[in-house]
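Participant: Have a look at this one before I ask anything.
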Amino acid sequence: MQGTVVREIGPCMPAKGPKKRVLQVRLTSICNMHCRFCVRERTSDGREWREGIGATVMTVDAATELLSRSMGSPDPPEGVEITGPGEPLLDASTYLFLRRLHGMYPQLFLSVRTNGILLQERIGDLIRSGCRGVTLSLNAATMNAGERIFESVIFRGRRYEGSDAARIILQQQWTGLEQAIEAGLAVSVQIARIARVNEEEIDRIASLAEMIGAERVSVTDFDGRIA
Ligand code: SF4
């Protein structure tokens, strides 16, 4: 298999610990799909959080302040990634933050981590906001794994479950991957290896993603539960 495969830990969110010199911020906890292995609960302030990750959702102002402080450090970040858990492409704060940072620090490499459901329709907004890269969470290539991983999706105002949800998610993710690459975004793919669920598809997902043009493919081991 061509390309770089890096073992990391975690499902749709970044591997433990921020990447070197990339500041990772979380601006939303809302997601438009439900993966069976994603455990989200309500905190006392009503926000959702995902087990093991915490509820640290920042406002755009707080995230800007954090970045400004980091930029003044001896080893300032070279990039900023807007991450989950939660779907950044759903939230207006993502685009506001990107535009703000692009204006303040045009040298920064700005990127977004996404489940891909809205990728096709938001590519233009991302590029216009100064985003240069996307990390796509891609955990299935076939309906077999898709139906076991995805429980539901909200798509164009409707909620879908079961095989309908899996079909829509697979379609949106794989088409989104192609279109983001065609549009000139640097696209990385992160695959969560879920024991006894998608293990047999990992090589296939990685090969397909590389063939389509993903710059980097990472495989993370996820030891969570399937409800
Ligand atoms: S895409 Fe991420 S935040 Fe959304 S349900 Fe799946 S694991 Fe959870």
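Each value in this text was obtained by applying a stated rule to the coordinates, not by laboratory testing. Just so we're clear, the structure is a prediction, and the values are computed from it rather than from any experiment. Backbone-built Cβ (ideal geometry, glycine too); neighbour counts: all protein chains shown.
Participant: Compute the length gained on full extension between ALA195 and ILE30: take 0.36 nm times their separation in residues and subtract their Cα-Cα distance, giving the result in nm to one decimal.
Facilitator: Extra length available between ALA195 and ILE30 comes to 56.8 nm.
Participant: Considering the dipole of segment 153-216 built from charges on the beta carbon (Lys and Arg +1, Asp and Glu -1) around the Cα centre, which of GLY157, MET211, LEU185 is farthest to its positive end?
Facilitator: Farthest towards the positive end: GLY157.
Participant: If you don't mind, there's one more thing I want to ask. Give, in nm to one decimal, the length gained when the segment between SER163 and GLN107 is fully stretched (0.36 nm per residue of separation minus the Cα-Cα distance).
Facilitator: Result for the pair: 15.8 nm of gain on full extension.
Participant: Roughly how far apart, in whole Å, are the Cα centres of segment 126-181 and segment 69-107?
Facilitator: So the two Cα centres are separated by 23 Å.
Participant: For the residue pair MET71 and GLU182, what label-to-label distance in nm results when each label sits 7 Å from Cα along the Cα-to-beta-carbon direction?
Facilitator: Result: 3.5 nm between the two label points.
Participant: Rounded to the nearest 0.05, what FRET efficiency do MET211 and ALA92 have when you use their Cβ-Cβ distance and R0 = 30 Å?
Facilitator: 0.30
Participant: For CYS35, list long-range residues whose amide hydrogen, built 1.01 Å from N in the peptide plane, is under 5 Å from its own amide hydrogen.
Facilitator: Placed amide hydrogens put GLU151 under 5 Å from CYS35.
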